[in-house]
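Engineer: The structure's right below; bear with me while I get my questions together.
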Amino acid sequence: MTEKLLSIKGVAKHFDEIKALTHVDLDIHSGEIVGLVGSNGAGKTTLLRLMAGVYTPTSGSVTLQDGSDVTKMRHLLGVVPESTGLYSRLTAWENIRYHSRLYGIDDETSWKRTQLFASRLGMSDSLSRHTKGFSRGMKQKTALLRALAHGPSILLLDEPTAGLDITSARTVRALVKQLRDEGGTVVYSTHQLEEAKQVCDRIVIIHNGEVRADGSPQQLMQQTEQDSLEEAYVALTADQARARTEDDESEGRFTAWWRKLFTPKTPELEVELNG
């Protein structure tokens, strides 16, 4: 059995009368890609935000391998939210360097890691370009580089290929699998079942705020006595999906939370980046 890195025990998350998640138990182990699969509003993004420490659970706990609360150990996590939150007037490298310095990573170390992963993503020639003119795919790749530059133990990805062209999506998926092959750990949220099947070792199906199943594609088919993963998913989520609840807040609100979480109260660091 591989090392347990993240433990979610009895977690529920409520927003006033809305029960986004109800009693979730889930363990994340080293060297695996875990797919969070479900329809819009199922609870995937809420669960990712709990893992990232952006939300605190209404009940239950989210802890790392040493028992530490995840909110106190964010430097062990790399996060790519669906909204990238890049500073458009900075170059790709300046965005990455800014983020790395907030984690206490020196520029040389950050640059070496950035170069390594940029070459895999075909981004090496774009690091000095301002992100204002970047395509959706280029912004997503920059956000991925930013999340990897400080050497996280766990990478959390929220719909990492949403809106990307076929080539960019294939490149991102290939990098995720390569990270796993090198011993990395990834939590991969998607509503695309076929994508989860391609990328993930385990698939956690979330429906109406509950974990309905957790296992490999083959295990899920055996559990439901179905011949395909799609039919297994349908069998596990046969009750009607609720209306979307978890993302009622606008994208701008989450971006503001994300920047507040990782941005100092004073602008000196950003000024230094442009100096």
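Taken together, the values in this text are just the output of simple stated rules run on the coordinates, not laboratory data. A quick note: this is a predicted structure, and the numbers were derived from the prediction, not measured. Every residue, glycine among them, receives a Cβ derived from its backbone with ideal geometry; neighbour counts consider all protein chains shown.
Engineer: Can you match semi-axes √(5λ) of the Cα gyration tensor in Å to one of these, (1) 36, 19, 17; (2) 31, 21, 18; (3) 26, 23, 18, based on a calculation from the structure here?
Structural biologist: (2)
Engineer: Over 27 Å between C-alpha atoms is what I'm after, so list which of Lys112/Lys139; Lys132/Lys197; Lys9/Lys139; Lys13/Lys141; Lys139/Lys197; Lys13/Lys139 land there.
Structural biologist: Pairs exceeding the cut-off: Lys132/Lys197; Lys9/Lys139; Lys13/Lys141; Lys13/Lys139.
Engineer: Turning to a different aspect of this structure: In whole Å, what is the distance between the alpha-carbon centres of segment 170-235 and segment 97-153?
Structural biologist: Here the two parts' Cα centres lie 27 Å apart.
Engineer: Going through segment 125-160, which trypsin sites (Lys or Arg not before Pro) have at most 16 other Cβ atoms within 10 Å and a DSSP loop state?
Structural biologist: Those that pass, being in a loop and sparsely packed, are Arg129.
Engineer: Ignoring everything except DSSP H segments at least 4 long, calculate the 222 nm mean residue ellipticity for the chain; use -39,500 (n - 2.57) per segment, divide by total residues, nearest 500.
Structural biologist: Value at 222 nm, helices only: -11500 deg cm²/dmol.
Engineer: Can you list the GluC sites (Glu not before Pro) in segment 1-36 that are in a DSSP coil and have 11 or fewer other beta carbons within 10 angstrom?
Structural biologist: Glu3, Glu17
Engineer: So which GluC sites (Glu not before Pro) in segment 133-208 end up in coil per DSSP with only 11 or fewer other C-beta atoms within 10 Å?
Structural biologist: Sites meeting the loop and neighbour criteria: Glu182.
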